[in-house]
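Student: Sharing a structure below in structure tokens format, with a few things to ask.
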Amino acid sequence: MKVAIVKYNAGNIYSVVNALNRLNIEPIITDDATELMTADRVLFPGQGEASTTMAYLREHKLDDIIRDLKQPVLGICVGQQLLCKHSEEGDANCIGIFPVDVRRFQPTRHEDKVPAMGWNELTFPHEDPIFNGLPEHPYVYFVHSYYVPLCEWTIAQADYILPYSAALHKDNFWAMQFHPEKSGSIGERIIKNFIEQEL
């Protein structure tokens, strides 16, 4: 199986490579259209700032390539946010797979720290095969200042300041605000489930 990771100006790619290696998968890291289009699975991870990252994606036509992918695609962290319509971070128009806006956390109490950082619990408003085999209330690892509101594509939610979308699914696109590659055995199972998805 050919697994591709989108190469762009975002951090955190190599922790995803390491997570795939633990599953005996050697991914390719590429910004080549043909390589991405012909991969069996595509991961779109990263940490970064939305507007500068989108500028890079547009400059290299990667936004159009990602939008046109037909195989299973997984966005992680800023990858989730960039798959949405718009982000408050830098007032960025994004790829638009999920027609929802990304918003910045607004602390309401002294103890509300931004970015939200650490382990948080997932709940599942809808069943989705990408979460097969998980316990009822698993904990996963987050680091983020922006969030996707709850919407019709929410398949997992978390609560920090307010309830928000921890994961989304629409057609062949999955997206997660948390870091499965840093979430121990729970995250490893999620990545394995994604690799095994059939459309």
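The values are calculated or read from the model by the stated rules, or taken from the named source; none is laboratory data. Predicted model, so just to flag it, every value in this text is computed and none were measured. All Cβ positions, glycine included, derive from the backbone under ideal geometry; neighbour counts span all protein chains shown. Accessible surface is based on the protein model in full, side chains and every heavy atom, while ligands, DNA and RNA are left aside. Shrake-Rupley method; radii C 1.70, N 1.55, O 1.52, S 1.80 Å.
Student: Could you check the spin-label model distance between E152 and D68? Points 7 Å from the Cα along Cα→Cβ, value in nm.
Tutor: About 2.7 nm separates the two model spin labels.
Student: Right, another one. Stretch E188-V114 to full length: gain in nm at 0.36 nm per residue minus the Cα-Cα span?
Tutor: Fully extending the segment from E188 to V114 adds 24.0 nm.
Student: Ok, one more. What Kirkwood hydrodynamic radius do you get for the range 39-84 when you take the inverse of the mean 1/r over all pairs of distinct Cα atoms, in Å?
Tutor: 10.8 Å
Student: Could you provide, to the nearest whole Å², the per residue accessible area of the chain with probe 1.4 Å?
Tutor: That works out to 45 Å² for each residue.
Student: So, with a 1.4 angstrom probe, what is the percent of accessible area on the chain that is carbon and sulfur?
Tutor: 48 percent
Student: Which percent, nearest 5, of DSSP beta bridges in the range 39-122 are antiparallel?
Tutor: 25 percent
Student: Turning to a different aspect of this structure: Once you've got the Cα coordinates, tell me which of K7/K182; K7/K85; K7/K113; K85/K192; K170/K192; K61/K113 are over 26 Å apart.
Tutor: Result: K7/K113; K85/K192; K61/K113 exceed 26 Å.
Student: Now a separate question. For the range 103-199, which GluC sites (Glu not before Pro) pass both filters: DSSP loop (anything but H, G, I, E, B) and at most 15 other C-beta atoms within 10 Å?
Tutor: E111, E127, E136, E152, E196, E198
Student: First check a/c for the range 62-199, with a ≥ b ≥ c the square roots of the eigenvalues of its C-alpha gyration tensor; if it is under 1.5, answer rounded, and if not, answer prolate when a/b is larger than b/c or oblate otherwise.
Tutor: The shape class here is oblate.
Student: With both partners inside the chain, how many of the DSSP beta bridges are antiparallel, as a percent to the nearest 5?
Tutor: Given both bridge residues lie in the chain, the antiparallel proportion sits at roughly 60 percent.
Student: Sticking with this one: Between A33 and E127, what's the calculated FRET efficiency when r is the beta-carbon distance and R0 is 35 Å? Round to 0.05.
Tutor: 0.55
Student: Still on this model: Within the range 72-86, which residues have the backbone N less than 16 Å from the label spot 7 Å out from D40 along Cα→beta-carbon, could you tell me?
Tutor: 72-74, by backbone N distance to the label point.
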